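Asks: Take a look at the following structure, please.
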Amino acid sequence: MDLSTDHLAPVYAQWPLDVVDAEGVHLRTRDGRRILDLYGGHAVAALGYSHPRWLAALEAQAKSLLFQSNAVPLDVRARAATRLTRFVGLGLNTVFFGNTGAEANENALKLALKITGRRKVVAIEGSFHGRTAAAGAVTWGAAQKWYGFPQAPFDVEFLPRGDLEAIARVVGTDTAAVIAEPVQGVAGAVDLGQPFLAALRARCSDTCALLILDEVQCGMGRTGFPFAANMHGIAPDMITTAKALGAGFPCAALLMADHVAAHLKTDDLGTTFGGGPMACALIETVVDILESEGLLANVRQRAAQIREQCIVGPVVAAQGAGLLTGLRTRRPAKDVQRELLERDILTGTSGDPQVVRILAPYVLDESHVAQLRDALASLPA
Ligand SMILES: Cc1ncc(COP(=O)(O)O)c(C=O)c1O
């Protein structure tokens, strides 16, 4: 493919990979290579490729009703909302469907600022929350790298990861919300840990600030639990999610506790595409597949296998949770990633130059992890 004439905005660094199609957990390239995909398109392809029930749901919904707006009540939308809120539990009984992770975060922050009447948001060092004005404002390092807006739309303060003592100093009665990825993704699969998250929960309750957990990357089964909030036993005021939510169909959700939803009235939030019938049919199907095919247990087992078997070659440790795993490398992660790709295994890198990021489909089996182990063992340490 000649990238110089593809008419696309030149904003993405691109891997040397010419993909034509995919099946299961494998990508096929134009020159006939079969690549084990342990990256899943930035954590989206949770069910791998061509899952028969996902395809059937897509086709059935497209044939029956392709689109209607949120002005038209639809069974499929109500079913998706019911299924998703039951999947998460934790008293998050109301959902607003959107299109992207950034949009879900934008709406969560807007609600928190509006409900509390305060103008400060606390975020965590290393965070990534998206590219829009509010989501970018709470993203660590965005202002220096790509933010672009002349100023943030509210006051922002960053809290050092894991610093329990700093919480009381930084989160106060002037704070509208704390936004945190319970397992940071772009930072390199960093689990903030139960004690830190529980302390954030407690401080938010004490100061009447709202706790927003951004589970755009770590949610929807990726940790081996419905959400990382379930894994850590933390009930936030809001959760945002996207990526694996549609397992390839673009969609996002903002889940809210009753006391947050109680503030909503007509016109407070809105979108054309969010909550469309195609997205909702796939959200319902994805939850159904995760529950009925035992995929959360498989995520936990494959993650444990990676930790037991893949600390070989250039890898010195594993971090993160479930299939949001970071392999800490002795050498630069981008070199290890390139060498793995030469051996037909696709992985990701991260904000940490010494972490290879695994965001594998939940349908991975034992032999795929063994293939990763063998490839890593064959690399120079
Ligand atoms: C934790 C987290 N939040 C938000 C986003 C932004 O999502 P989107 O690209 O769908 O806007 C991402 C994307 O990588 C993410 O990892």
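The values are calculated or read from the model by the stated rules, or taken from the named source; none is laboratory data. Just so it is clear, the model here is predicted, and its values are computed rather than measured. Cβ atoms come from the backbone with ideal geometry, glycine included; neighbour counts cover every protein chain shown.
Asks: Report yes if Phe225 is surrounded by fewer than 24 Cβ atoms within 10 Å (Cβ to Cβ) and within 16 Å of the ligand (Cβ to nearest atom), otherwise no.
Replies: no
Asks: Looking at the stretch 238-268 only, could you name the residues that are aliphatic (A, V, I, L, M) and surrounded by fewer than 18 Cβ atoms within 10 Å (Cβ to Cβ)?
Replies: Passing the criteria: Ala261, Ala262, Leu264.
Asks: Return the residue satisfying two criteria in turn: it lies in the stretch 118-144 and is in contact (Cβ under 8 Å) with a residue 24 or more places away in the chain and more than 20 Å from the chain's Cα centre (by Cα), and of such residues it is nearest to the ligand (Cβ to nearest atom).
Replies: Top of the filtered list is Val121.
Asks: Residues Val190, Val178, Val183: which one is farther than 22 Å from Ala253 by Cβ, under 21 Å from the mean Cα position of the chain (by Cα) and in contact (Cβ under 8 Å) with a residue 12 or more places away in the chain?
Replies: Going through Val190, Val178, Val183 in turn, the sole match is Val190.
Asks: What strands (runs of 3 or more DSSP E), lying completely within the stretch 33-142, carry at least 2 residues that are of a type in the set (Phe, Trp, Tyr)?
Replies: Qualifying strands (runs of 3 or more DSSP E): 94-98.
Asks: Of all residues in the stretch 182-222 being of a type in the set (Val, Ile, Thr) and within 16 Å of the ligand (Cβ to nearest atom), which is nearest to Phe158 (Cα to Cα)?
Replies: Taking the candidates together, the pick is Ile212.
Asks: Still on this model: Anything in the stretch 158-181 that is among the basic types (Lys, Arg) and more than 16 Å from the ligand (Cβ to nearest atom)? List them, or say none.
Replies: Correct list: Arg169 only.
Asks: While we're on this one: Can you report the number of residues in the stretch 35-66 which are among the small types (Gly, Ala, Ser) and either touching a helix residue (DSSP H, G or I) at 6+ places or on another chain (Cβ under 6 Å) or loosely packed, with under 14 Cβ neighbours inside 10 Å (or both)?
Replies: So the count comes out to 8.
Asks: Sticking with this structure for a sec: Name the one entry in Ala62, Ala43 that is within 16 Å of the ligand (Cβ to nearest atom), at pLDDT 95 or above and closer than 26 Å to Gly221 by Cβ.
Replies: The conditions single out Ala43.
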